Ligand code: DOR
Ligand code: ZN
């Protein structure tokens, strides 16, 4: 039996408020615990988006009632809320800025709208950027100009990891995360298709950033030392939505993160220390998160099994990794002294989870 610290996932779309048919604070945190994750940080592209004190309270109230693992909640950068955010930043996980197009309404196209956020948001918390390719380069330039930390979400391209490496070498305060789907899949990976889709686009493949080429995936693996965190970008949408004419982008990921990483260890591509650094130590430092006493995950390292959506706790009802054979099964999760998950069952109640900013 392998014992690991509880993992931190700094990138989770909880969907509450507003879209709880996809997920809510209860199912997202059950999914987390079943995946060995004991802290999740929720993204602000909800309905309504989390962009001021009132909307932050709506999300935090729901989390307080329902969360079964510990949590934080990001606030989102809008065109005219930069002056509001410093006063509520202590209650937030950090600031998320959507600089490229994705699911939801929070997109800042005009660079002049970025400036007040870079000027005003407190420097002890990172600004997290959804910024791909050249937009990412612009975000790193802002970090250099304003001399403040930025964290690049879900990198997927060779050119991105190489630029981050160069920026780090120059002392720019940039960190980054990578998602399992960008490490283990390419645009050519076969994914299950919805029945009767015919020649139509396979909506189950839609994710932002898109799945990339083998050359990109290879570069991520080769530059693993540049990558600070693993993050799932857990983005649940129902199968009916994914198989519709207008499929929203996003994959669920909380329950497949650790089994996939452990399979990477079994393949000799990762070490257990990589997992601890990138899923516990680095995210705790970057996002200023508290230690969780008496918290650990027990894994049967040798158990080989198939990933099945029917065994998952996420409400969305599917996984892009359906049928994948993985090695390493999570048997037990203890969170702050209490067994929270054991042998496929969640054992803590809604409300057991704590806000990481309350302590
Ligand atoms: O694929 C994605 N889905 N990428 C994002 O950036 C947002 C997410 C979502 O909220 O569904
Ligand atoms: Zn996301």
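Worth a mention:
- Residue, nearest to the chain's Cα centre (by Cα), within segment 160-169, restricted to residues that are more than 24 Å from residue 320 (Cβ to Cβ) and touching a residue at least 12 places away in the same chain (Cβ under 8 Å): 164
- Residue match in segment 275-297 (condition: touching a strand residue (DSSP E or B) at 6+ places or on another chain (Cβ under 9 Å), assigned to a strand (DSSP E or B) and surrounded by fewer than 22 Cβ atoms within 10 Å (Cβ to Cβ)): yes
- Residues satisfying the stated conditions in segment 221-232, i.e. in contact (Cβ under 8 Å) with a residue 24 or more places away in the chain and surrounded by fewer than 21 Cβ atoms within 10 Å (Cβ to Cβ): 221, 223, 224
- Single condition residue 348 does not satisfy, out of (1) touching a strand residue (DSSP E or B) at 6+ places or on another chain (Cβ under 6 Å); (2) part of a strand (DSSP E or B): (2)
- All positions within segment 226-247 that are touching a helix residue (DSSP H, G or I) at 6+ places or on another chain (Cβ under 6 Å) and either outside any helix (DSSP H, G or I) or more than 27 Å from residue 126 (Cα to Cα) (or both): 228, 229, 230, 232, 242, 243, 247
- Residue match in segment 38-55 (condition: more than 16 Å from ligand 1 (Cβ to nearest atom), touching a helix residue (DSSP H, G or I) at 6+ places or on another chain (Cβ under 9 Å) and within 26 Å of residue 297 (Cα to Cα)): yes
- Counted as qualifying within segment 128-194 are the helices (runs of 4 or more DSSP H) with 1 or more residues that are touching a strand residue (DSSP E or B) at 6+ places or on another chain (Cβ under 6 Å) and over 18 Å from residue 249 (Cα atoms), namely 134-146, 158-169.
- As a summary of the residue check, residue 326 satisfies the conditions (1) farther than 23 Å from residue 151 by Cα; (2) within 16 Å of ligand 1 (Cβ to nearest atom) except for the one numbered (2).
- Helices (runs of 4 or more DSSP H) contained entirely in segment 1-101, each with at least 3 residues that are over 30 Å from residue 344 (Cα atoms): 53-66, 85-88
- Count - residues of segment 50-95 that are over 17 Å from residue 356 (Cα atoms) and within 17 Å of the chain's Cα centre (by Cα): 2
- Look at segment 86-103: where a residue is in contact (Cβ under 8 Å) with a residue 60 or more places away in the chain and within 19 Å of residue 123 (Cβ to Cβ) and a partner is within 12 Å of ligand 1 (Cβ to nearest atom) and in a strand (DSSP E or B), sitting 6+ places away or on another chain with Cβ atoms under 8 Å, you get 93/42; 94/128.
- Flag if residue 273 is touching a residue at least 40 places away in the same chain (Cβ under 8 Å) and away from ligand 2 (no atom under 16 Å from the Cβ): no
- Summed over segment 90-111, the residues that are over 17 Å from residue 177 (Cα atoms), within 16 Å of ligand 1 (Cβ to nearest atom) and touching a strand residue (DSSP E or B) at 6+ places or on another chain (Cβ under 8 Å) give a count of 5.
- Selection of segment 153-170 for residues being more than 16 Å from residue 183 (Cα to Cα) and surrounded by 15 or more Cβ atoms within 10 Å (Cβ to Cβ) yields 163, 164, 165, 167, 168.
- Boolean, residue 62 is buried (at least 23 other Cβ atoms within 10 Å of the Cβ) and in contact (Cβ under 8 Å) with a residue 12 or more places away in the chain: no
- Per the conditions (1) in contact (Cβ under 8 Å) with a residue 60 or more places away in the chain; (2) touching a strand residue (DSSP E or B) at 6+ places or on another chain (Cβ under 8 Å); (3) surrounded by fewer than 24 Cβ atoms within 10 Å (Cβ to Cβ), the sole criterion not satisfied by residue 49 is (1).
- Residues in segment 209-220 that are touching a helix residue (DSSP H, G or I) at 6+ places or on another chain (Cβ under 8 Å) and assigned to a loop (DSSP other than H, G, I, E, B) were compared, and the one that is surrounded by the most Cβ atoms within 10 Å (Cβ to Cβ) is 209.
- Looking across segment 112-149, the residues that are crowded, with 19+ Cβ neighbours inside 10 Å and within 16 Å of ligand 1 (Cβ to nearest atom) come down to 127, 128, 129, 130, 131, 132, 136, 139.
Values quoted throughout were computed directly from the atomic coordinates according to the rules given, and no laboratory measurement underlies them. All figures in this text were calculated on a predicted structure; none of them were measured in a lab. Cβ coordinates were reconstructed from backbone atoms using ideal geometry, including for glycine residues, and neighbour counts include every protein chain displayed.
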